[in-house]
1. Net charge around residue 315, counting only other residues with Cβ within less than 15 Å of its Cβ (Lys, Arg = +1; Asp, Glu = -1)?
2. Would you rank 340, 80 by solvent-accessible area, highest first, keeping every protein chain in place and using a 1.4 Å probe?
3. For the range 210-300, what does the accessible surface come to per residue with a 1.4 Å probe? Please give it in Å².
4. Given a 1.4 Å probe, how much area per residue of the range 1-47 is accessible, in Å²?
5. Hey, for a label at residue 50 modelled as a point 7 Å past Cα toward Cβ, could you say which residues of the range 1-41 have their backbone N under 14 Å away?
6. Label-point separation (nm) for residue 295 and residue 262, each offset 7 Å from Cα along Cα-to-Cβ?
7. According to the square roots a ≥ b ≥ c of the eigenvalues of the Cα gyration tensor, what is the shape class of the range 58-353, taking rounded for a/c under 1.5, prolate for a/b larger than b/c otherwise, and oblate for the remainder?
8. If you plug each phi of the range 334-344 into the Karplus form 6.51 cos²θ - 1.76 cosθ + 1.60 with θ = phi - 60°, what whole-Hz ³J(HN,Hα) values come out, in order, with x for Gly and Pro?
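The values are calculated or read from the model by the stated rules, or taken from the named source; none is laboratory data. If you're wondering where the values come from, they're calculated on a predicted model, not measured in any experiment. Positions of Cβ are backbone-derived with ideal geometry, glycine not excepted, and every protein chain shown enters the neighbour counts. Ligands, DNA and RNA are stripped out before the accessible areas are found, and what is left, the full protein with its side chains, is counted by its heavy atoms. Shrake-Rupley method; radii C 1.70, N 1.55, O 1.52, S 1.80 Å.
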Amino acid sequence: MTIIKPTYTYIDNQFYENQAVAFDTTIQAIDCYENLIVQYPDAKTIKGGDNSVLYPGFINSHVHLEFSANKTTLQYGDFMPWLDSVIANREDLINACDNATMEQATQEMLHSGVTTFGAISSFGAELEVCAKTPQKVVFFNELIGSNAAYADALYGDFLARLDASKSIGNGVVAGIAIHSPYSVHPVLLKRAVTIAQNEKLPLSAHFMESPAEREWLEHESGEFLSFFQKYFNTSTPVTTIPEFIESFDNVATHFTHAVQASDAELDYLSMKNHSIAHCPRSNRLLGCGRLPIEKLIEKGIPFSIATDGLSSNHSLNIFDELRAALMLHYLGPLAPLAQMLIKGVTSVPAKALGVNSGEIAVGKAADFALVSLPHTPNSLEDIALQTILHTQHVDQVIIDGKSE
Ligand code: BEZ
Ligand code: FE2
């Protein structure tokens, strides 16, 4: 047994003083240190420094490790030029992305306190790195393919990757990711959702990321028209927005982006208990717009904060993402926004990814991120804000009770 004794502890979305936590691989008890050491006299004690804050380990719900080699190659500013640049540089970027590059990406997350991440995997190339990394990983095998002629081959490849991720173990659990409404044939989509439903696997899908995506699916026009004419010799989308969202009716899904979703679509997501992964820096860099989180709050749609991959970001440090979100969403009061953002990297993604962490509560995994504020905060209500502003790297990361 170990007892960790910070200055402040984040419990049930609030901050408390004098609350220590006893744990082995899971959290056993939460109480003041004096009571815990009587209850567990042989426990080892970890004492946080001055102004230390104990959080549950952070969860980055959406990252693409396979594109970690990109730094200055891809074209930012607008979605379609970016997508064209991905296609043009795909081979080079994938070849340049060796295990060492991906390990560096997982380490960057770890140093910012990320103890679990959702890896969106196109080819399965990062599976070995995910099994080796100290973090827990929900390995989202991505399904792609709008052209019916290639559907069976692509589906077979998807199933093989899914199987490999189910059997590798070492903290990796399998999930399913649907690439997007425009790139997945509805027949494939239904098969994959059925697997997620039957096997209770976490499910994720990019959805309504760019204005071009909306225009293509709604009006069969815009920049995606020339894209599909050029690469797929077609002028017709494979699905409509309503058909796409209704395919997920029976499985609570973590939809990524939703920046361009209409009020009616957001209402539908809310009604079906879906949630949203919000990637503010990716949205900014690809010219996709600002997700109106005030509408999500009003409609009661839970949202996580995630980095997306280095193909649309300049770092995987979760605090860089939280700071960006804090600056982007200038409407509304600041301290409550900061508290909501902390929920977006703890309890919200834990539920969306189906993992037993993201909260300091008895029975949850002993996954922690210990940070230190530079000085004593003015009030307990300010701790989330000050943590986001001042943290670059965490002091300690603990995963399943083990210091990393
Ligand atoms: C497709 O396979 O249909 C596809 C892939 C990437 C972008 C758009 C479509
Ligand atoms: Fe993504």
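1. Taking every other residue near residue 315 into account, the sum is 0.
2. Final ranking, largest accessible area leading: 340, 80.
3. Per-residue accessible area for the range 210-300 comes out at 42 Å².
4. Counting only protein heavy atoms, the per-residue value for the range 1-47 is 53 Å².
5. Within reach of a label on residue 50, which here means backbone N under 14 Å from a point 7 Å along Cα→Cβ, the range 1-41 contributes 7.
6. It works out to 1.1 nm between the two label points.
7. Working: a/c = 1.23, a/b = 1.06, b/c = 1.16.
Judged from the Cα gyration tensor, the range 58-353 comes out rounded (a/c under 1.5).
8. Result, rounded to whole Hz: 6, 4, x, 4, 4, 5, 5, 5, 5, 4, x.
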